[in-house]
Every structure is written in structure tokens, then in C-alpha cells.
1. Determine one quarter of the surface area of the Cα convex hull of the chain, which equals its mean projected area, and express it in nm² to one decimal.
2. Remind me, relative contact order of region 248-288 in percent, using alpha carbon pairs under 8 angstrom and six or more residues apart?
3. Using 19 Å as the Cα-Cα cut-off, could you pick out the over-long pairs in 162/210; 46/81; 189/280; 210/252?
4. What fraction, in whole percent, of alpha-carbon pairs in region 248-288 exceed 13 Å separation?
5. Between residue 42 and residue 7, what's the calculated FRET efficiency when r is the beta-carbon distance and R0 is 22 Å? Round to 0.05.
6. Which loop GluC sites (Glu not before Pro) in region 29-134, with loop taken from DSSP, have no more than 16 other Cβ atoms within 10 angstrom of their Cβ?
7. Say we join alpha carbon atoms closer than 10 Å with springs in a Gaussian network model of the chain; which of 131, 13, 179 then has the biggest fluctuation?
8. Within the chain, what percent of beta bridges assigned by DSSP are antiparallel, to the nearest 5?
Amino acid sequence: MSIRVENITYVYGGGTPYEKTALSGVDLTIEKGEFVGIIGHTGSGKSTLIQHLNGLIHPTEGRVLVDGVDLAGKSREAAAKRHTVGMVFQYPEQQLFEETVAQDIAFGPRNLGCSEEEVDARVHEAMSFVGLDYETYAGRSPFRLSGGQMRRVAIAGVIAMKPDFLILDEPSAGLDPVGRREIFSQIRKWYEEGAFSVILVSHNMDDIAKLATRLLVMNHGRCILDGDPMDIFLHHREELEAAGVDVPPLTKTLLYLKGRGIPVPERAVACEEAANALAKTLKGGKSC
């Protein structure tokens, strides 16, 4: 299974004085099983790109295919394929609207035409998946929960639709450090369990380095870099700077120390990992 983006261009306000090209000639394939990070400065085309991946908007030129099916099509097959790509928007708790947590999560499956038994099963499964106890939270108003819990409810609503690809647009935005750690810990767990592929848009380079298996860098509506995250962070710093983004703070620190002749593991993605490797080296262990 894959999402195929075929040389797409997207123009806002075509034919008006406000015409703006948001995407230009983007061509890529995202395979099932990948964890793709997308970075770029504000206005680089990130949000426009991900809205194409589940057919929320359609390209001015080019095509977006899921398993070979054009998402711009009018057929039932095209509609079904759009549902296989779930989208969690930035600040998704602002989209909560039902009276209870269970009703909000049930909205998507119910609109897919699932039976009430299937809807109930999906609600239970999705709440378990995001770490919300059904008996404790199902009957509560989603608006009386913490920010992190509301974020989990919103994500559960997408998970209940059982997508093959889950798109997350800045899922930790506005959360405190504890809520942020909880959200990303759960996302990593979902991915490692093979629940679905993940496409993560984030301005936090540390999160991208720790989670993504592939990195796309957007700049002025184009995908300028596509590859292993650490390879890009280590070997394409000039291109990243031109795109208005930077390497993770840990990577920057390790590169500085390496430049000073200190043997550090430049590909480390966590402080503990770097500290342990450096301690081992200083004690006469294997070189970094």
C-alpha cells in the first residue's frame, strides 16, 4: 500500500490578484510502514501537501493516488481510499463537539456506516489505544478534560476510523512538557506495533530525529530534501538553513564537540544515548 504524489502543483486563488502557488512539482511516494517527518518554515507548503494526501484538497496539476486510486475521483472506491488516510489537525481539540467522549469518537465510524456494535467496539479499542479508560472517560464531556486528554480524544476519533496512514500536524502544539511526552510516547508505541504508518509535521527537530525513519524538507512549495533524517541533519545544513529550519539542538551540540576534537556519537538522538556513548569512549570502550 502506498500514497503516490505525482508531480503536483497547487495554486490558491487562481486567476485573481491574490493568486499564489503553494506547491510546485512535488513528486514522491510514501510506502506503508514508513514514519515520515515533514519540516519547513511557515508557508513552505507543508500543510497544503498533507491536505492533498487524504483528498481534502485536490491538485491544480498532477495526481495523488492511494493504492493506484486517484483521490480526486468521484467513485465509491476513491471515497473509500480517502478514508484510509486519517488526519489529525493542529489543535484538534478545537474540533471536538459532541456531549461525551464516546459520542465524539463514535462520530467517524458511525458516518462510515458501521453497525452500532461495530461503532461501540471501535470506540472501546480507540480509547484503549490512546490510554483513556473507557469506564472513566466515556461519559465525560470532552471539554472538561485536560489539554493532553482532549488531544487524545481527538486522535482516538481518527483512530476509530482505522486508517492505514495517520497524518499528524503538530500534535504536541500548545501542550505542556508532560502532555507532549505522553503524546509522542503513544505515537511511537502505535507505530512500533504496526497499527499504521505515520506522517508527522513538526517544527520540533528533536521529535523528528527521535521518531521519523524518513524526512521531507519543504521550501517554497517544493520538496528539496528527502532521505534519512540524520543524514540530512548531518550533511545538508546549508540547505536546511536556506529552508528556514535547523538541525536538532543535540545534533548541533555534538557537532560542535566533534569539531573540538571530542569523540562524540554525532548520530545520537537522545541526550542519554550521547552521554552513555561518550562515557564508554572516555573509559576506553569502542570509539564513537
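None of the figures in this text is laboratory data; all of them are computed from the coordinates on show. As the structure is a computational prediction, the values presented were derived from the model and not from experiment. Reconstructed Cβ throughout: ideal geometry from the backbone, glycine too, with neighbour counts over all protein chains shown.
1. 17.6
2. Details: 35 pairs, mean separation 13.4, N = 41.
Rounded, it is 33 percent for region 248-288.
3. Working: 162/210 25 Å; 46/81 21 Å; 189/280 29 Å; 210/252 15 Å.
Distance filter (> 19 Å) returns 162/210; 46/81; 189/280.
4. On the way: 364 of 820 pairs.
Pairs farther apart than 13 Å: 44 percent.
5. So, using R0 = 22 Å, E works out to roughly 0.35.
6. Values: sites: 31, 34, 61, 77, 93, 98, 99, 116, 117, 118, 125; in loops: 34, 98, 99.
When the GluC sites (Glu not before Pro) of region 29-134 are filtered for loop state and at most 16 Cβ neighbours within 10 Å, 98, 99 remain.
7. So, out of 131, 13, 179, the one fluctuating most is 13.
8. Values: 20 of 37 bridges.
Given both bridge residues lie in the chain, the antiparallel proportion sits at roughly 55 percent.
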